[in-house]
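Below: one structure, written as C-alpha cells.
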Amino acid sequence: MGRVLPSGRRQRRLVAGTWRVLAFALLTAGALSLVGTGLWQSVRQLVQAPPTGTLRVEVSMSGFDPSRLVVPAGRRVQIELVNLDDQNHADGGGWHDFKAPVLGVAEWVAPLGRTTFDLLATRRGTFRFYCDACCGGARDPAMNGAIVVE
C-alpha cells in the first residue's frame with residue numbers, strides 16, 4: 001500500500017508553516033550574527049584602542065599626587081608612576097606600588113624610578129587605589145587615592 005499524502009489544503013498549510021519557520025530561523029540567525037559582530041567589534045576596539053593620554057602620578061612617603069584620577073570609561077589610559085623617594089627611605093627601601101584590585105592593577109616602581117602602565121576601566125564608578133609597600137600601607141589615608149571612571 002502506498003503512502004497517504006495530505007490533501008491539497010493541508011499540504012499548502014504545511015509548506016507555508018515550513019517557510020515561516022525557515023524565515024524566522026534565518027531572521028533570528030541574521031540578527032544574532034549582527035549582534036555578535038557588533039559585540040565583537042566593541043571588544044576589539046576596547047582591546048586595541050590606543051591610550052587616550054598619559055596621566056602622571058607622583059608617589060612618595062607623603063602620598064600620591066594627584067590622589068584623584070578621572071578617566072573615561074572604555075578608553076585605555078596610560079599612567080606614568082614616578083617614585084620621588086630614594087633607597088634610603090626608612091620604610092620599604094624606597095619602593096612603592098600602585099594597587100587598584102577592582103580594576104586589576106598592581107604595579108611597582110623602584111626608588112627614584114618610573115614605570116608606565118595602561119589602565120582600561122570598563123565600569124563607571126569610583127575605585128580605590130593605594131600603596132601597600134610602606135608608610136602604613138593601605139591603612140594610611142595619604143597612601144590612598146581614587147580613580148573616577150566616567
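Values in this text are rule-based calculations from the coordinates and carry no lab data. As the structure is a computational prediction, the values presented were derived from the model and not from experiment. Using ideal geometry, Cβ is built from the backbone for each residue, glycine included, and neighbour counts are taken over all protein chains shown.
Here are a few things to note about the model shown:
- Counted by Cβ distance under 13 Å from GLU150, the other residues give a net charge of +4, where Lys and Arg count +1 and Asp and Glu count -1.
- Net length gained if the chain between VAL148 and ARG20 were fully extended (0.36 nm per residue, minus Cα distance): 41.0 nm
- Under 14 Å, Cβ to Cβ, from ILE79 - net charge with Lys/Arg +1 and Asp/Glu -1: 0
- When the trypsin sites (Lys or Arg not before Pro) in segment 103-139 are filtered for DSSP coil states and for at most 15 other beta-carbon atoms within 10 Å of their beta-carbon, the remaining sites are ARG123, ARG124.
- Neighbour counts of C-beta atoms inside 10 Å place THR116, THR122 in the sequence THR122, THR116, starting with the fewest.
- Label-to-label distance, nm, for residues given as GLU107 and GLU58 (7 Å Cα→Cβ offset): 1.7
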